[in-house]
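Okay, structure first, notes after.
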Amino acid sequence: MITSEETFDPPTSPLDKDGQGVPYAVYGFGAHMAEIEVDVELGSVRVLKVTAAHDVGRAIIDVIEGQIEGGVAQGLGMALMEEFFPGRGENLHDYLIPSAGDIPPVESILIEDPSPSARLERKEW
């Protein structure tokens, strides 16, 4: 089993008289693992499964797994299918994007760990 633990204290600044500043920082934390099959003769890659772990803070909407799956689909499309050359071609007719049949099973792991600043305001969830 491989584990890792990190901490991050992002810089912030209070709002000034004009309402400008960085009173809090928002960052997404996640990790993906893809199980793949490679045909070394053809040079093709097929993704068999994606496991996606995301620290979502508190999961307050029931479609969060769909958001993760959509991100996986976009990432796989960019990595394996999409290719666009500006100035070559008049439209996106031949631009490949993944369809439902191109997306492997996605296992979403939701980590509900409140941020350190949230812990200061509310002791427990």
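Taking the criterion of being part of a loop (DSSP other than H, G, I, E, B) and of a type in the set (Ser, Thr, Tyr), the residues of the stretch 90-110 that qualify are Tyr95, Ser99. Of the residues in the stretch 2-25, not one is surrounded by 13 or more Cβ atoms within 10 Å (Cβ to Cβ) and either within 17 Å of Val106 (Cα to Cα) or in contact (Cβ under 8 Å) with a residue 12 or more places away in the chain (or both). Among all residue pairs at least 6 apart or on different chains, which show Cβ distances below 8 Å where the first residue, located in the stretch 32-57, is surrounded by 15 or more Cβ atoms within 10 Å (Cβ to Cβ) and at pLDDT 95 or above and the second is of a type in the set (Ser, Thr, Tyr) and not in a strand (DSSP E or B)? If the second residue must be of a type in the set (Ser, Thr, Tyr) and not in a strand (DSSP E or B), no pairs are left.
When restricted to residues that are among the basic types (Lys, Arg) and part of a loop (DSSP other than H, G, I, E, B), the stretch 13-49 contains 1. When each of Gly57, Gly66, Gly70 is tested for being out of contact with any strand residue (DSSP E or B) (no Cβ under 6 Å at 6 or more places or on another chain) and part of a loop (DSSP other than H, G, I, E, B), the lone residue that passes is Gly57.
The requirement of being open to solvent by less than 80 Å² (accessible area, probe 1.4 Å), out of contact with any Ser or Thr (no Cβ under 6 Å at 6 or more places or on another chain) and touching a residue at least 60 places away in the same chain (Cβ under 8 Å) is not satisfied by Gly66.
Looking at the stretch 41-56, is at least one residue closer than 30 Å to Pro11 by Cα and acidic (Asp, Glu)? Yes, the stretch 41-56 contains at least one residue that is closer than 30 Å to Pro11 by Cα and acidic (Asp, Glu).
The values are calculated or read from the model by the stated rules, or taken from the named source; none is laboratory data. Since the model is a prediction, treat every value here as computed from it, not as a measurement. Note: ideal-geometry Cβ built from the backbone for every residue, glycine included; neighbour counts use all protein chains shown. Just the protein is used for accessible areas: all its heavy atoms, side chains included, with ligands, DNA and RNA removed. Shrake-Rupley method; radii C 1.70, N 1.55, O 1.52, S 1.80 Å.
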